[in-house]
1. Collect the residues in segment 125-150 that are closer than 16 Å to TYR167 by Cβ and surrounded by 18 or more Cβ atoms within 10 Å (Cβ to Cβ), keeping them in residue-number order.
2. Is it the case that THR241 is surrounded by fewer than 17 Cβ atoms within 10 Å (Cβ to Cβ), assigned by TED's automatic domain parsing to the domain that holds PRO222 and either over 32 Å from the mean Cα position of the chain (by Cα) or on the phi > 0 side of the Ramachandran plot (or both)?
3. Could you check segment 83-156 for helices (runs of 4 or more DSSP H) lying wholly inside it with 1 or more residues that are under 26 Å from ARG180 (Cα atoms), of a type in the set (Val, Ile, Thr) and under 25 Å from the mean Cα position of the chain (by Cα)?
4. Within segment 315-327, identify whether any single residue is at pLDDT below 90, farther than 26 Å from LYS179 by Cα and outside any helix (DSSP H, G or I), and answer yes or no.
5. Applying the selection to segment 294-334, what residues are under 30 Å from the mean Cα position of the chain (by Cα) and of a type outside the set (Val, Ile, Thr)?
6. Suppose we keep only residues that are closer than 22 Å to MET289 by Cβ and among the polar types (S, T, N, Q) within segment 180-207. Which one would you say is surrounded by the fewest Cβ atoms within 10 Å (Cβ to Cβ)?
7. Could you tell me whether ILE216 is in a helix (DSSP H, G or I), of a type in the set (Val, Ile, Thr) and within 21 Å of the chain's Cα centre (by Cα)?
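The values are calculated or read from the model by the stated rules, or taken from the named source; none is laboratory data. Quick caveat, the model's predicted, so the values are computed rather than measured. FYI the Cβ positions are ideal-geometry reconstructions off the backbone, even for glycines, and counts take in every protein chain you see.
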Amino acid sequence: MDNLVNTLTDPKFLTALFAAIAAAAVVFSIGATFFSSGSNIRQRIRRVALEREKMRAEEMARLRGTGGAADTPTRTIRQAAGRDYMKNVVERFSLEKAFMDTGTVDALARAGYRGQAAMTTYLFARFVTPFVLFVLAFAYLALTVMKDNPIYMSAIYALFLGLVGVYLPTLFLRNQTSKRQQSIKRAWPDALDLMLLCVESGMSIEHAFKRVSREIGMQSVPLAEELTLTTAELSFLEDRTRAYDNLGRRTGLDNVKSVMQALIQAERYGTSVGTSLRVMAEEGRETRMMEAEKKAAALPPKLTVPLIVFFLPVLFIVIISPAIIKVMQNNVSLGG
């Protein structure tokens, strides 16, 4: 037992262990990126195809004067079985009245989650997460950290952690929204340039959106998904301005909304779409250049602390070490 304790507390062993963990984490991260990218893209493409088929069915039902066929979503048996218990919990406890407001649908759309299934999962997660976190925290505290304390102390601490769990789904949703918006924001100027080239070459705006969605997918999958949905809406919706407005509302980005407003004005008043896209593309390039200059200007202050903590001590050691070694050798020789 003493040998095991000595081994676990040995600095060399701990250094090797942490190095092995860090190397394994790097290998796992790189491998997960390569293995999950293809499946993620296929999943998003499948989701876009299902959304397009759903909109087509709704539009066909509206034109035929029947609304019942479009209200039934296309789901497999496995998906239906997986959602039924969540749907029952949501309906039984009236979670839509407790957790849902007017902006919940838009918040889920900005994060890339659409449809009633995503809403049901989100409401179910907000309801269940506090209880699950409370049970896990209580079991952990009562059995390990606070096993010598009274049981009510573990229950109090677990209750606080359970209250924190109420906000975990919301924080997850905000994180997903931030990542998605960042990806769209980076690729949007390039998408505008490609769209301008397509329109000036004689393509219609629908074909321009379709072509750009195929080309921009290698740079930003969320933007390709949104442009594909917009292409479907331009084909099936009676009012084309709704498709532009929906794209700005789903992304939640000001630069996308401004471009969509310009397209709406061009559609409404019959002005040139190419001129509007050219102006917005120039503004997008200028905005991206200003952001790059802003980041470059903020780089020196950010490097001050790492320079003082990491670089200067090493530099001083490298400079002073030869002199210290020579002084020590002279002292040894004089002493001998």
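1. Residues satisfying the conditions are ALA125, ARG126, PHE127, THR129, PRO130, LEU133, PHE134, ALA137.
2. Considered against the rule, which asks whether it is surrounded by fewer than 17 Cβ atoms within 10 Å (Cβ to Cβ), assigned by TED's automatic domain parsing to the domain that holds PRO222 and either over 32 Å from the mean Cα position of the chain (by Cα) or on the phi > 0 side of the Ramachandran plot (or both), THR241 comes out as no.
3. 104-110, 115-140
4. no
5. Selection gives LYS294, LYS295, ALA296, ALA297, ALA298, LEU299, PRO300, PRO301, LYS302, LEU303, PRO306.
6. GLN182
7. Here the answer is yes, as ILE216 does meet what is asked.
For every residue, the table says whether it meets (1) under 30 Å from THR129 (Cα atoms); (2) touching a residue at least 24 places away in the same chain (Cβ under 8 Å); (3) touching a helix residue (DSSP H, G or I) at 6+ places or on another chain (Cβ under 7 Å); (4) not in a helix (DSSP H, G or I).
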residue	(1), (2), (3), (4)
ASN175	yes, no, no, no
ASP193	no, yes, yes, no
LEU229	no, yes, yes, no
ALA266	no, no, yes, no
